[in-house]
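One structure below.
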Amino acid sequence: MSTILLQTEEESSIADELESMMSPVTEQKEADKATKQLERAEKVAHMKEVKHQVKENAQKQAENMDAYVMLSFDTYEAKAAFCERFGYDPDMKFIKGEVFDEQVERID
């Protein structure tokens, strides 16, 4: 059984007035909702950019970790002779590649 509500003109008028009074509140709620959605979308976009930067920096750092070459000699005497040939202390463990590069010339 369906219920039919009959409104008088006065009730209808009051309902219309309430609706028009609530209209700005409803519009504000919709605007607030749209603003929150936009803020969320901006935050998501920002986080994606941050993740991308972190990944890029990690890749670059990993590449830089492979920016070395190791020389190995059979004896300390062979190492010392090599170091002395290029003017390095035989007890040095590391030689900067860019510095060493300036000292050598490729011979084909």
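What follows draws every value from the coordinates through simple rules; no lab data is involved. Everything numeric in this text was worked out from a predicted model, so none of it was measured. Using ideal geometry, Cβ is built from the backbone for each residue, glycine included, and neighbour counts are taken over all protein chains shown.
Considering the conditions (1) closer than 30 Å to Asp101 by Cβ; (2) more than 26 Å from the chain's Cα centre (by Cα); (3) polar (S, T, N, Q), Gln61 is excluded by exactly one of them, (2). Whenever a residue of segment 21-45 is without any contact (Cβ under 8 Å) to a residue 40 or more places away in the chain, it has no partner that is of a type in the set (A, V, I, L, M, F, W, C) lying with C-beta atoms less than 9 angstrom away and at least six residues away or across chains.
Consider only pairs whose beta carbons are under 9 Å apart and that are at least six residues apart or on different chains; among these, list those whose first residue lies in segment 72-94 and is free of Cβ contacts under 8 Å to residues at least 60 places away in the same chain and surrounded by 10 or more Cβ atoms within 10 Å (Cβ to Cβ) and whose second residue is of a type in the set (Val, Ile, Thr) and in a loop (DSSP other than H, G, I, E, B). That search, which allows pairs on different chains as well, returns Cys83/Ile95; Phe86/Ile95; Phe86/Val104; Tyr88/Ile95.
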